Amino acid sequence: MTIHELDTPCLLVNLDALHSNLKRMADYCRKHGLNLRPHTKTHKSPDIARLQIAQGFPGITCAKVGEAEVMAEHGITDILICFPVVGEIKTQRLCRLTRKAKIAVALDSVEAADGIAREAIRQGVTIDVLVEINVGMNRVGVETPELLVALAEKVHRMKGLRLRGIACYPGHLFSKPNEQERPLRELGDRLTDLRLRFRAKGLDDRWVSAGSTPTAYQSHFVRGITEIRPGQYPLNDRNMLGVGACTLNQCAFHVMTTVVSTAVRNHAMMDGGTKTFSSDRYILAGAKTESTYGLVRDDENIVFCSMSEEHGHLDVSRAHRPLNIGQRLRVLPNHVCPTVNLHEKLYGIRGETVETVWEIKGRGKIQ
Ligand SMILES: Cc1ncc(COP(=O)(O)O)c(C=O)c1O
């Protein structure tokens with residue numbers, strides 16, 4: 001099958017770029033003695049997770065228990081859920097998952113720890129725990145070393161849980177790679193200090209998990225980490241391109257759309273809006289730069305300026321050539337993860353040939 005036989009809108013993955021991205025990250029981690037535990041929320045596909053594991057690192061990260069269930073059902077046996085698992089329904093599912101896979105969870109409260117411990121005891125299982133510190137994203141994670149040590153001590157004493165170390169997420173460090181050394185070294189100093197505090201109290205500090213795609217290749221500046229969890233690096237997107245985390249050739253992913261209307265002057269409509277693309281804006285757009293919804297790779301002078309549910313609005317006033325009804329477009333979305341979550345399939349292509357079709361089995365698994 002060729003891409004011309006596919007209906008649109010659909011998601012295309014350049015297999016050469018994907019495999020090269022996977023290998024490059026694994027090689028980097030091997031070189032620097034880091035474990036690679038990719039965050040699979042980006043592709044939500046057990047097939048791509050297996051390709052990541054084939055690079056020599058057995059573990060993955062998930063955000064939600066539902067994603068982890070899908071991955072475990074498809075044979076993945078080492079999963080960190082890097083999101084607080086709260087509520088009985090979820091703790092029951094979490095503990096049941098240990099029958100299929102080695103399960104760990106990152107958490108930042110005694111309440112979350114208590115809930116998981118209670119259910120783990122009831123089911124007669126043990127859940128590995130990383131305690132999470134906020135390093136600047138201001139989303140989850142306790143605020144001080146003292147609070148982290150206090151939480152770790154409580155987890156250490158709880159039956160049903162096994163404290164294994166520390167988690168953090170430096171997602172706030174969204175800058176060019178050559179601007180990251182200082183903040184990453186500072187983060188390394190903080191984590192090293194935390195590990196010393198853990199050791200002084202006899203707490204397990206052997207697993208220190210951090211990492212994001214924009215910081216991934218600078219992770220060797222972060223003293224004290226043992227593992228990174230980049231998610232977006234296999235596919236990449238416009239925001240990763242903008243921040244210098246990848247080149248255009250390393251963007252392995254695009255949305256293929258069809259031009260469906262050119263009736264309005266200076267505008268064209270393609271067949272994908274908010275139900276095809278996420279509404280994430282282009283993060284690096286300056287005050288004077290238009291913040292658009294993706295990069296039209298066929299003609300960078302076409303501006304993806306707005307969306308309705310099913311219409312992608314293109315400003316074609318500066319286009320190199322007029323667009324024709326029925327013409328296919330390749331669009332690099334701003335944010336790959338929520339875009340993939342809207343679709344059922346990923347088509348793996350080489351040139352114009354469709355070589356693989358992957359079901360996005362974890363899509364919509366938000367619980
Ligand atoms: C906890 C956590 N770890 C790792 C990642 C992966 O980072 P990135 O999206 O930069 O690849 C994310 C992304 O949101 C995350 O929330």
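The values are calculated or read from the model by the stated rules, or taken from the named source; none is laboratory data. These numbers come from a predicted model, not from an experiment. Glycine also receives a Cβ, built like all others from the backbone with ideal geometry; neighbour counts cover every protein chain displayed. SASA here: full protein model, heavy atoms, side chains in, ligands and nucleic acids out. Shrake-Rupley method; radii C 1.70, N 1.55, O 1.52, S 1.80 Å.
Which residues, counting only those in region 46-63, are open to solvent by less than 10 Å² (accessible area, probe 1.4 Å) and within 15 Å of the ligand (Cβ to nearest atom)?
The answer is ILE48, ALA49, GLN52, GLY59, ILE60, THR61, CYS62.
For a quick check of your reading: which strands (runs of 3 or more DSSP E) sit entirely within region 258-331 and have at least 3 residues that are farther than 23 Å from ASN239 by Cβ, modelled with pLDDT of 95 or more and out of contact with any Lys or Arg (no Cβ under 6 Å at 6 or more places or on another chain)?
Those strands (runs of 3 or more DSSP E) span 267-270.
For region 233-244, which residues satisfy the criterion of being part of a loop (DSSP other than H, G, I, E, B) and crowded, with 24+ Cβ neighbours inside 10 Å? Reasoning before the result, please.
Going through region 233-244, the residues part of a loop (DSSP other than H, G, I, E, B) turn out to be 233-237, 243-244.
Scanning region 233-244 gives TYR233, PRO234, LEU235, ASN236, ASP237.
Given the criteria in a loop (DSSP other than H, G, I, E, B) and touching a residue at least 24 places away in the same chain (Cβ under 8 Å), does GLY171 qualify?
yes
From the list LEU11, LEU22, LEU18, pick out the single residue that is under 20 Å from CYS251 (Cα atoms), over 16 Å from the mean Cα position of the chain (by Cα) and not in a loop (DSSP other than H, G, I, E, B).
LEU11
Let me confirm something: among GLY188, GLY231, GLY211, which residue is at pLDDT below 95 and under 20 Å from LEU34 (Cβ atoms)?
Details: GLY188 fails: at pLDDT below 95; GLY231 fails: at pLDDT below 95.
Of GLY188, GLY231, GLY211, the one residue that is at pLDDT below 95 and under 20 Å from LEU34 (Cβ atoms) is GLY211.
Among the residues of region 135-153, is there at least one that is hydrophobic (A, V, I, L, M, F, W, C), over 21 Å from the mean Cα position of the chain (by Cα), crowded, with 21+ Cβ neighbours inside 10 Å and closer than 29 Å to HIS74 by Cα?
no
I need every pair where a residue in region 331-355 that is among the basic types (Lys, Arg) has its Cβ under 7 Å from the Cβ of a residue that is open to solvent by 20 Å² or more (accessible area, probe 1.4 Å) and part of a strand (DSSP E or B), sequence separation at least 6 or different chains.
LYS345/VAL357; LYS345/TRP358; LYS345/GLU359
Looking at this structure, is GLY66 modelled with pLDDT of 95 or more, within 21 Å of GLU344 (Cβ to Cβ) and surrounded by fewer than 21 Cβ atoms within 10 Å (Cβ to Cβ)?
So GLY66 passes the test.
Just wondering, is there one or more residues in region 218-232 that are within 9 Å of the ligand (Cβ to nearest atom), of a type in the set (D, E, K, R) and not in a helix (DSSP H, G or I)?
Start the filter on region 218-232 by keeping residues that are within 9 Å of the ligand (Cβ to nearest atom), which leaves 228-232.
With the extra rule that they be of a type in the set (D, E, K, R), the set shrinks to 229.
So of that shortlist, the ones also not in a helix (DSSP H, G or I) come out as 229.
Yes: one or more hits.
Could you say which residue among SER279, SER317, SER261 is surrounded by fewer than 17 Cβ atoms within 10 Å (Cβ to Cβ) and under 26 Å from the mean Cα position of the chain (by Cα)?
SER279
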